[in-house]
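Rule-based calculations on the coordinates, nothing more; no lab input. Given the structure is predicted, the values throughout are model-derived calculations rather than measurements. Ideal geometry is used to build each Cβ from the backbone, glycine not excepted, and the neighbour counts take in all protein chains shown.
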Amino acid sequence: MNITTKNNLITKAGHNHLTGEWAEKQGYFDVAVSRYYYALFQKSLFILHLKPGYVEPGGADNSHDKVIKDLYRELYPQLKDEEITWLAQFQKIKNHRRNADYKHKMLTKNDFNLAFKYGYNQIAGLLDRIIGGSAQ
Amino acid sequence: MTNQITEDIVKQFITQLKTQWDNLVVEYRYDADEDVWDIWHFNYGLQYNDMNFQKAVGKLIRTLFFDQGIFNISFGYKHLPEFSTAELVSIKPSSVTVGDSISVEWLGGLQNKPNSLAYGGGKPARNIYRYTADSALLCNYDYEPGTSNKIGTTTINGEVEVLVA
């Protein structure tokens, strides 16, 4: 993956984050969860591709799970203890995205904040630190 | 793939966590579809606002899991979403058992107060949840017949109510 392609992931992550913010302000909390999650996922792919030779998992059902595990493996040596705790929520964030997209129940603002947004902010903050704050 | 060694480490993680936060309810399960050991608790204050907790948890995850090459774990606060008021009643702790008819007289003052008292003679209990008034639902309690005393006597952070759905 060349540098332009990598940077495109950061651009897309920024777009998804902005769309998530817009959806949140509109009260479209399930849409916000989905967009915010993909912002995290694209930042994660960008970080993983900084490692030469990184090969993304194939398109299997659990490819996102594998990317998250790869991210843990790659990042944890350089993270502070509290940041490891923040990052360890990533799988739960992913599952919230799945529920937001496919389940019948709609998120309330309170559910959105407690179940998703606070954890999202923690993970996004540390990924932005790794990237250098260029994603938003 | 689930294995006993990893599960033992998960249990060790929980045990060590509870040496510092002995009232914290921590649960886990292995998700075979995602190949993930999912570990959760019900205290959002610790998860989002307590740096000592975040540092301690991170140190345990680093040493017990990541340093051992175990990356298929998930840890965090589990939020139990707000319930449909039509499906929920609140009662004071007592020896409620599944199948009991819940009297409308036991309805409490929760934010999810039922909008109807049209249950008439009562509502059968199918599941029982612990609850704290200052946060979200604290613990999803899958009730098992014969443990009603445990429900009635459990006290977590001054818990004053249980929910029956």
Within chain A, what's the longest run with no trypsin sites (Lys or Arg not before Pro) in a DSSP loop and at most 16 other beta-carbon atoms within 10 Å? Give the range, please.
A:1-79
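Kindly flag which residue pairs out of A:K43/B:K59; A:K43/B:K78; A:K69/A:K92; A:K117/B:K55; A:K109/B:K59 have an alpha-carbon separation exceeding 22 Å in this structure.
Working: A:K43/B:K59 24 Å; A:K43/B:K78 24 Å; A:K69/A:K92 13 Å; A:K117/B:K55 20 Å; A:K109/B:K59 32 Å.
Beyond 22 Å: A:K43/B:K59; A:K43/B:K78; A:K109/B:K59.
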For peptide B:33-44, what's the mean number of Cβ atoms from other chains within 10 Å of each residue's Cβ?
3
Angle between the Cα long axis of helix A:90-102 and the longest principal axis of chain A, 0 to 90 degrees, nearest 10?
50
In degrees, nearest 10, the alpha-carbon axis of helix A:3-26 is tilted away from the dominant principal axis of the alpha carbons of chain A by 10
At what distance in angstrom do the alpha carbon centres of the stretch B:25-56 and the stretch A:71-129 lie from each other?
12
Averaged over peptide B:60-66, how many Cβ atoms belonging to another chain are found within 10 Å of each residue's Cβ?
4
Would you tell me the mean number of C-beta atoms belonging to other protein chains that fall within 10 Å of each C-beta in A:97-109, as a whole number?
1
For A:N121 and B:D67, extending 7 Å from Cα along the Cα-Cβ vector and measuring point to point gives, in nm, a value of 3.2
Chain A: angle of helix A:29-49 to the longest principal axis, Cα-based, in degrees nearest 10
0
Total formal charge among the other residues, if their Cβ is under 12 angstrom from that of B:K11, Lys/Arg +1 and Asp/Glu -1:
-2
